[in-house]
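Novice: Okay, here's the structure, questions in a sec.
Every number here is computed from the coordinates shown, using simple stated rules; none is lab data. These numbers were taken from a predicted model, which means no experiment stands behind them. Here the Cβ is made from the backbone with ideal geometry for all residues, glycine too, and neighbour counts use every protein chain on show.
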Amino acid sequence: MTLAKFCTFCLSLLLCGLFAFDVDAADMQRAQKVEAAWQNWAQENGVTQGAFTVSFKGETLITSGISGNGQRPFEIASLSKSITATCVALLVDAGKLGYKDTVGELLGARIPNMHPKAQSITVAQLLTHSSGLKPDATQAAMAQWYGTQDMRHWQASRTALARAPRRSGKFRYNNENYAILGAIVEAVTDATYLKTCKSRTGLPTARLSSRVGGNAAWGGWEMPVAEFARFHAHHYGLQSSFAQRPGAYPSVNVGGGIRYALGMFHRTSNGQSSFWHFGSYCFPDRMNTGAYAVTWFTGWAVTVAYNRCLEEKDMLSLDAALIKAAFR
């Protein structure tokens, strides 16, 4: 069975100071140190194709690639969840739905086989992986859906909502939550998930992957890393509504001072929030790829993509290397 792995933890929570400075020669030097840390990590982990970008307060300082791939689109895997979550939050702001709305109210007419206990799952619970849905049926199904852009969020939603949720309110990472959000986007807009979320979140050249685009709502987008970095800076950066008012959005405790909200892990320190997420696909002999994005509460941000399927310890070593270069 092919395994698609989605890392759900990183060491960015360790930062605890507040840095404030304008972009100048010293900051460019710092950005170059971060780039060197990425390159060293990539070499140590056998990355032969990859891309990197570092920015400060939304201004891109360096974008580079391994094997000349700095500008080409990469699959961003589970970073796609932040696109879906931002899209949903913008629809809430537009009055199209509410965080307390239930799947029974929103999808009941379109999913007649919904389990009675699943009908009370809320949009907030889906956004925070606290719906109680398990196990994650997409993990096996994604191997069968490989190689298509036919979006599968309705199919995954019907499978998930036919079961009774268990122990709702507790964080339990499950792609099905975001598959259901993809279906909800279409139900409340009468437009495709792709059209709605691409336009509302401001992603001009982003597209669905030809290999895993069927997983759009939870892991099917691809784009150049610089484009995702701009999206992340706008919606999760220092001046974003989310960073300014994280308590105004649904979130759930993960542990260790970390919370999950709007498709990202985050931690608030000294009134400032950091946001991060890893993504990974591991399809042996077909597709091995990963991505990582972080916006620290200092205003510094990094997005990378690479052609390797890695263990969690190796992904965490990337985070540690970037932190060391950026803040020491």
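Novice: Number of Lys-Lys pairs in the stretch 11-327 under 15 Å by Cα, sequence gap 8 or more or different chains? The partial results should precede the final answer.
Specialist: Details: K33/K324; K81/K198; K117/K134; K134/K170.
Lysine pairs, 8 or more places apart or on different chains, close enough: 4.
Novice: Further question: Using θ = phi - 60° and the Karplus form 6.51 cos²θ - 1.76 cosθ + 1.60, what ³J(HN,Hα) does each residue of the stretch 187-195 get, whole Hz, x for Gly and Pro?
Specialist: Each residue of the stretch 187-195 in turn: 5, 8, 10, 6, 9, 5, 3, 4, 5 Hz.
Novice: Over the Cα atoms of the stretch 222-328, what radius of gyration and what Dmax do you get, in Å?
Specialist: Using the Cα atoms of the stretch 222-328, the pair Rg, Dmax is 14.4, 46 Å.
Novice: For the stretch 143-223, what is one quarter of the convex hull surface built on the Cα atoms, given in nm²?
Specialist: The Cα convex hull of the stretch 143-223, projected and averaged over all directions, gives 6.1 nm².
Novice: Related question: Report the calculated FRET efficiency for A109 and T268 (r = Cβ-Cβ distance, R0 = 45 Å), to the nearest 0.05.
Specialist: Values: r = 39 Å, r/R0 = 0.87.
With R0 = 45 Å, the Cβ-Cβ based efficiency is 0.70.
Novice: What list do you get for L194, L133 if you sort them by fewest beta carbons within 10 Å?
Specialist: Ranked by crowding around the Cβ, least crowded first: L194, L133.
Novice: Oh, and also: For the chain, I need the span (max minus min coordinate) of the C-alpha atoms along each principal axis, in Å, sorted largest to smallest.
Specialist: Projected onto its principal axes, the Cα set of the chain covers 60, 45, 34 Å.
Novice: Taking the Cα of R286, stepping 7 Å toward and past its beta carbon, and measuring to each backbone N in the stretch 171-215: which are under 16 Å?
Specialist: Within reach of a label on R286, which here means backbone N under 16 Å from a point 7 Å along Cα→Cβ, the stretch 171-215 contributes 209-215.
Novice: Calculate the spin-label point distance for A143 paired with S67, positioning each point 7 Å from the Cα along the beta-carbon direction, and give it in nanometres.
Specialist: The modelled label-to-label distance comes out at 2.5 nm.
Novice: For an R0 of 41 angstrom, estimate the FRET efficiency from the Cβ-Cβ distance between K117 and A248 and round to the nearest 0.05.
Specialist: On the way: r = 29 Å, r/R0 = 0.70.
So, using R0 = 41 Å, E works out to roughly 0.90.
Novice: For the chain, modelled as a Gaussian network with Cα springs under 10 Å, which listed residue fluctuates most, N113, N174, N215?
Specialist: Looking only at N113, N174, N215, the largest GNM fluctuation is found for N113.
Novice: If you don't mind, there's one more thing I want to ask. Among Y260, W300, L133, whose Cα lies farthest out toward the positive end of the dipole of the chain, if unit charges sit on the beta carbon of Lys, Arg (+1) and Asp, Glu (-1)?
Specialist: The listed residue farthest towards the positive side: L133.
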